[in-house]
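Derivation of every value follows stated rules applied to the coordinates shown; laboratory data play no part. None of these values were measured; they are calculated from a predicted model. Here the Cβ is made from the backbone with ideal geometry for all residues, glycine too, and neighbour counts use every protein chain on show.
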Amino acid sequence: MFEPARTAARLATATAALALSAGLAIAEPLDLVICDVDDRSGAAADTGIESLNGLNMVLEPLNEAGGINGQKIELVTYDSKTDPQLAANFGTRCAEDDKALMIIGGSPSAVANSLVTVANQNKIPLYILAAASPDLTDDAKYQFRFGPKVTQDSIAVADALAEKGVKKVAIINNSVPFGISGAASATESLAPKGIEVTTQQTYDVSATDVTPQIINVMQSDPEVILIYPYPADGARVMRTIRQLGLTQPVIMPRVGLMKAFRDLAAETGNGVMIPSSVDPAREDVAAFFDDYIAKFGPLALSPSPAQGHDAGTLLVKVLQDDAVQAQIQAGDLQGARDAIVEATTRLGAFGGLQGQKGVDYDFTSGHHGPPDNGFFVFVEVAGDGQELIGADTSKLAN
């Protein structure tokens with residue numbers, strides 16, 4: 001009854017013996033090691049923690065079911081602490097010491113920039129999550145991005161303001177790459193809509209007093225205030241705006257969604273509007289967040305878990321690809337990394353949890369997945385920072 005199995009085993013043993021006697025090495029399959037390098041204790045800790053949780057919501061059930069062809073995915077995690085140098089060191093460790101097939105993470109733009117350098121130096125694929133700097137995927141080879149560019153946030157903002165007839169906007173931003181690129185992209189998007197930037201004020205990200213900048217905003221008499229901060233300085237800006245009695249609608253792309261900002265701003269954050277890549281009206285999105293909350297605890301609507309989930313979804317699809325599996329089974333690490341890049345491009349048109357219903361990622365024609373149109377809805381802060389609800393954009397109208 002068991003003779004065929006015994007025969008097969010004997011043949012395998014004999015083949016191995018012959019190979020060894022001929023001086024041939026038998027390749028060991030590569031381990032399915034993936035590195036996550038992202039903030040979990042720095043200024044962008046919310047994004048790193050939430051995206052890692054979203055990623056694990058894909059990988060853990062897969063591993064519990066046996067993994068891919070009997071191999072479980074090994075996730076190695078590093079906390080980059082909003083430190084580009086630390087991120088670069090961890091990225092190099094992933095590529096050289098951990099023998100990772102790829103890296104996922106880089107939610108802050110400064111961290112993502114350092115990981116892009118590491119990825120291209122070491123020829124290892126990188127899935128960037130929330131980082132917003134526009135040029136991160138320009139002329140890209142090894143890096144791919146799942147979060148929208150800040151320029152795409154600006155397009156959504158400009159479209160909404162134009163629709164409501166807004167003609168004058170003031171911009172205030174911090175001095176880090178996100179703030180600078182956000183202000184520049186907003187100015188570029190507003191001009192074709194005939195919307196005047198009444199003033200653009202930049203403050204040092206570590207400033208403890210932003211009163212001079214807010215006074216300049218107030219004196220420019222805008223209809224809407226557009227802010228590009230990090231969480232802590234964003235809360236200082238909002239408190240100062242409220243203390244000085246400004247009543248104009250406020251739009252804060254991305255950072256307004258973050259729990260760290262909402263907790264610090266508290267009641268002064270109420271009414272802040274944010275273009276969001278996660279649509280709460282989608283049933284699949286609502287179901288995902290129900291599962292997330294049941295597993296990890298309360299969470300207001302945030303794109304970060306969705307970005308981690310969507311990156312994990314494509315990652316699994318790519319690792320299951322025949323061409324990638326061939327390199328993994330052959331034990332060829334660089335061959336597997338290159339095959340992952342090729343498979344990401346070939347398989348990268350798919351629907352995820354970001355975007356409006358029916359709007360897909362597309363990596364088949366470039367390394368930036370989110371499209372310009374149909375990717376955003378507007379939400380606003382409520383409940384003294386504890387809630388994110390559908391935005392009343394009529395407040396933008398004159």
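Some points to look at:
- For the stretch 89-171, with +1 on Lys and Arg beta carbons and -1 on Asp and Glu, the positive-most of Ile104, Ile171, Phe144 along the dipole: Ile171
- For the chain, size of Cβ-based charge dipole, Lys and Arg +1, Asp and Glu -1, in debye: 180 debye
- Extending 7 Å from Cα along the Cβ direction at Lys123 and again at Thr202 yields two label points whose distance is 3.8 nm.
- Cross-link partners for Lys167 among the aspartates and glutamates, with Cα-Cα distance under 15 Å and sequence neighbours closer than 8 places in the same chain left out: Asp159, Glu188, Glu196, Asp221, Glu223.
- For the chain, diffusion coefficient by Stokes-Einstein and Kirkwood Rh (Cα), 37 °C, 0.692 mPa s, µm²/s: 147 µm²/s
- Residue among Ala27, Ala232, Ala265 with the largest mean-square fluctuation in a Gaussian network model of the chain, springs linking Cα atoms under 10 Å: Ala27
- Acute angle (nearest 10 degrees) that the helix 150-163 long axis makes with the longest principal axis of the chain, alpha-carbon atoms: 40 degrees
- Amide H contacts of Phe376: Gln356, each under 5 Å away and 5 or more positions distant or on a separate chain (H built 1.01 Å from N in the peptide plane; Pro and chain starts excluded).
- The chain: most fluctuating residue of Ile215, Ile73, Ile104 per GNM, C-alpha cutoff 10 Å: Ile215
- Candidate lysines for bridging to Lys99, where Cα separation is under 24 Å - those fewer than 8 sequence places away on the same chain excluded: Lys72, Lys81, Lys123, Lys141, Lys317
- Crossing angle, helix 84-96 versus the chain [Cα axis fit, 0-90 degrees, rounded to tens]: 10 degrees
- Neighbourhood net charge (12 Å Cβ-Cβ; Lys/Arg +1, Asp/Glu -1) for Leu126: +2
- Residue-span extension gain [Asp322 to Lys164] - 0.36 nm each, minus C-alpha spacing: 51.8 nm
- Relative to the longest principal axis of the Cα atoms of the chain, the long axis of helix 303-319 lies at roughly 20 degrees.
- Around the amide H of Glu196, modelled in the peptide plane, lie the amide H atoms of Lys168, Val169, all under 5 Å away and 5 or more residues distant in sequence or on another chain.
- Applied to the stretch 121-131, the Karplus parametrisation 6.51 cos²θ - 1.76 cosθ + 1.60 on θ = phi - 60° returns per-residue 3J(HN,Hα) values of 5, 9, 6, 10, x, 9, 9, 7, 9, 8, 3 Hz, with x for Gly and Pro.
- Dipole size of the stretch 240-372 about its Cα centre, with +1 on Lys/Arg Cβ and -1 on Asp/Glu Cβ: approximately 540 debye, rounded to the nearest 20.
- Comparing Asp233, Asp97, Asp36 in a Gaussian network model of the chain (Cα springs below 10 Å), the most mobile by mean-square fluctuation is Asp97.
- Other-chain or far-sequence residues with amide H under 5 Å of Leu301's (modelled H): Leu388
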